[in-house]
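The next block holds one structure in the form of structure tokens; read it before the comments.
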Amino acid sequence: MVEAPDVAENIMNNWLGLPPLATAHGGQIDGMIGWVHVFMFVLFVGWGGFFIYTLVRFRRSRHPVANYTGVKSHNASYLEVAVAVVEAVLLFGFAIPLWAARVDAIPPESQALVVQVTGEQFAWNAHYAGPDGVFGRTDIKLLDLQSNPLGVDRTDPAAKDDITTVNQVYLPANRQIIVKLRSKDMIHSFGVPEFRVKQDAIPGLTIPIWFVPTVTTAEMRTRTGNPEFQYEIACAQLCGLGHYRMRGFVTVQTAEEFQKWVADEEVKLQEQGADPFR
């Protein structure tokens, strides 16, 4: 059974045009975005009203001679202080705690599914540790864009069950996911709007992000009424002439479906034997 979006999510979707929410932490992101919009609306109405007031109050027909003394009231200063206080609340009450939770409070890898995602011109490569939970060795000398884009060394015992995919990331729902982002060549940007995650992949760095997907792809198709719906990874950094086609997709499955996918991939590796690369 697919749960219907709550009132807050409907507001964010319908009023602000955000895509449907599909992660546990996304509500916090949307909440902060909502409060920022409320504050900006109040500012817009307030400053807009003040501007109209000054046009009427100090129109030329009423004050044909300039007053060089100026306004002596401190109301404008008080308003500026109030704006600064609200901004501080947004920053220290919402933004920094949320940022810290996403950056500093990463769960232990033993309690999460870890996926290494490596960007390159113009594809996303995913690497799973396989049933043994250990990532096998990679070697730059083994890189081949067609058969082995990550340079996985299948002679390493830990690498024999490693699963690799190109532009397709499979994840189980309702489980902590840690995505370790890397780049082969230049800055790319990993973003899935429904997950409320976006992070640059920078050459020479391994940058972790984590989230808990809560809506499977099948459930989202039912919720949106779009049988072709897919979670899309769109590179948000201009990374060359082929940037427009750097699209990947995330398939969120039930735990049982994900385990079946892993098992099927392991069978394929065994069948491929000495030539396991795709």
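Considering only residues of the range 35-60 that are open to solvent by 80 Å² or more (accessible area, probe 1.4 Å) and basic (Lys, Arg), which is farthest from residue 15 (Cα to Cα)? By that ranking, first place goes to 60.
Within the range 117-161, how many residues turn out to be acidic (Asp, Glu) and touching a Lys or Arg at 6+ places or on another chain (Cβ under 8 Å)?
3
On inspection, residue 184 fails the criterion of being within 17 Å of the chain's Cα centre (by Cα), charged (D, E, K, R) and under 15 Å from residue 118 (Cα atoms).
Residue count for the range 12-64 satisfying the condition of being polar (S, T, N, Q) and more than 28 Å from residue 229 (Cα to Cα): 2. Mind listing whichever residues of the range 215-232 are over 19 Å from residue 123 (Cβ atoms) and open to solvent by less than 50 Å² (accessible area, probe 1.4 Å)? Residues satisfying the conditions are 215, 216, 217, 220, 229.
For the range 100-110, the criterion of being of a type in the set (Gly, Ala, Ser), farther than 30 Å from residue 43 by Cβ, free of Cβ contacts under 8 Å to residues at least 12 places away in the same chain and exposed (fewer than 13 other Cβ atoms within 10 Å of the Cβ) is met by at least one residue. Just one of the listed residues (206, 251) is over 22 Å from residue 28 (Cα atoms), surrounded by 15 or more Cβ atoms within 10 Å (Cβ to Cβ) and hydroxyl-bearing (Ser, Thr, Tyr), and it is 251.
Within the group 253, 237, which residue is at pLDDT 95 or above, on the phi < 0 side of the Ramachandran plot and not small (Gly, Ala, Ser)? Exactly one residue qualifies, and that residue is 253.
Looking across the range 118-147, just one residue is exposed (fewer than 15 other Cβ atoms within 10 Å of the Cβ) and part of a strand (DSSP E or B), and that is 144.
Regarding the range 26-33, can at least one residue be identified that is assigned to a helix (DSSP H, G or I), surrounded by 10 or more Cβ atoms within 10 Å (Cβ to Cβ) and among the polar types (S, T, N, Q)? So far as the range 26-33 goes, yes, one or more of its residues are assigned to a helix (DSSP H, G or I), surrounded by 10 or more Cβ atoms within 10 Å (Cβ to Cβ) and among the polar types (S, T, N, Q). When the range 155-181 is examined, which residues are found to be more than 25 Å from residue 24 (Cβ to Cβ), touching a strand residue (DSSP E or B) at 6+ places or on another chain (Cβ under 6 Å) and open to solvent by 10 Å² or more (accessible area, probe 1.4 Å)? The answer is 164, 166, 167.
Entry remark, the range 66-79: residues being open to solvent by 100 Å² or more (accessible area, probe 1.4 Å) and at pLDDT 80 or above number 1 in total.
Summed over the range 1-30, the residues that are of a type outside the set (A, V, I, L, M) and at pLDDT below 85 give a count of 9. Here residue 63 fulfils each of the conditions (1) in a loop (DSSP other than H, G, I, E, B); (2) of a type outside the set (Asp, Glu); (3) under 47 Å from the mean Cα position of the chain (by Cα); (4) surrounded by 10 or more Cβ atoms within 10 Å (Cβ to Cβ) apart from (3).
The values are calculated or read from the model by the stated rules, or taken from the named source; none is laboratory data. This one's a predicted model, so the numbers in the text were calculated from it and none came from an experiment. Note: ideal-geometry Cβ built from the backbone for every residue, glycine included; neighbour counts use all protein chains shown. We work out accessible area using only protein heavy atoms, side chains counted, and drop any ligands, DNA or RNA first. Shrake-Rupley method; radii C 1.70, N 1.55, O 1.52, S 1.80 Å.
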